[in-house]
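Peer 1: Quick one: the structure is below, questions incoming.
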Amino acid sequence: MNPALFPLLGGFLAWFTLYLLGLRKFKGAEFILGVFVFFFAMLLQGLIQQGAFLLAGIRSNRDIIERGLILVASLWVGLSAGFIQEGVKFALVRDKSKRQGAFVGLGFGITEVLAVVVSFAIISFKGLTLDVPFIMGMLTLAERYLAVLFHVATTILLAGASLRTFLTLAGIHAVVDSLAAYYQLARLVDPAKSVKVLILSEAVLGLVVLVLLVYALPQALKEEEKEEVIW
């Protein structure tokens, strides 16, 4: 099956879930800010991550595997991703309301979904055939679904937050992304066993999202209810 359909559906379902849960008044300016935050964070993350690998003489995933650095590389990718992405979000939403933060996070998450889809399109344009088993497609769908909700929840919590909150969320993000990075490298060594890593990664992400969303979303919805009051 075409893999691009799964992340798209995952992103749509995440947005629809938020709508059903009560986050309905769309804030376009904050959504666009989330798009900007995504591109800026990815640029910064790429420069720092790849810069460190190049300084260490690592130029490909094969180099990582041959040197036995899968765990170290996964931790580096997770830590840099967590602190850079949450750091950029924190810098740009710390003075915003919780509901504004929700739509910055939504813009970030949906742009990430579209980036995944574009990457699939580029691979297809190069003439490579993309076809994934249904079960792997569903895991991709679940990963994108949870990732969007994760970005919404963390950005809500970062709005008006303290440095302590930022460090906590960056640490959580680092754990999640370290597992994801470990899967990406492990599947090059043993594709069959790496599926277990993927399932564990998504289980951890699902639990994290549930806890964060239960804590964060009511704060954004409470502000939305206040805006609806007519005096």
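Peer 1: Return the pair list, or none, for Cβ contacts closer than 8 Å from residues in region 198-209 that are among the aromatic types (F, W, Y) to residues that are open to solvent by less than 60 Å² (accessible area, probe 1.4 Å), at least 6 apart or on different chains.
Peer 2: none
Peer 1: If I123 satisfies every condition in (1) in a loop (DSSP other than H, G, I, E, B); (2) without any contact (Cβ under 8 Å) to a residue 60 or more places away in the chain; (3) under 21 Å from L5 (Cβ atoms) but one, which is the exception?
Peer 2: Of (1) in a loop (DSSP other than H, G, I, E, B); (2) without any contact (Cβ under 8 Å) to a residue 60 or more places away in the chain; (3) under 21 Å from L5 (Cβ atoms), only one is false for I123: (1).
Peer 1: Kindly list, by first and then second residue, each pair from a residue in region 130-141 that is closer than 12 Å to V195 by Cβ to a residue that is modelled with pLDDT of 85 or more and open to solvent by less than 80 Å² (accessible area, probe 1.4 Å), limited to pairs with Cβ atoms under 7 Å and residues at least 6 apart or on different chains.
Peer 2: L139/L198; L139/E202
Peer 1: If you don't mind, there's one more thing I want to ask. Based on what the data block shows, is A115 within 22 Å of M42 (Cα to Cα), open to solvent by less than 30 Å² (accessible area, probe 1.4 Å) and among the small types (G, A, S)? Explain how you work it out, then say what you get.
Peer 2: On the way: within 22 Å of M42 (Cα to Cα): yes; open to solvent by less than 30 Å² (accessible area, probe 1.4 Å): no; among the small types (G, A, S): yes.
So A115 does not fit the description; no.
Peer 1: Could you figure out which of (1) of a type in the set (K, R); (2) in contact with a Phe, Trp or Tyr (Cβ under 9 Å, 6 or more places away or on another chain); (3) assigned to a helix (DSSP H, G or I) isn't true of R59?
Peer 2: The single condition R59 does not satisfy is (3).
The values are calculated or read from the model by the stated rules, or taken from the named source; none is laboratory data. Everything quoted here is computed from the prediction, not taken from an experiment. Using ideal geometry, Cβ is built from the backbone for each residue, glycine included, and neighbour counts are taken over all protein chains shown. For the accessible areas, the whole protein counts, side chains as well, though only heavy atoms, and no ligand, DNA or RNA atoms are used. Shrake-Rupley method; radii C 1.70, N 1.55, O 1.52, S 1.80 Å.
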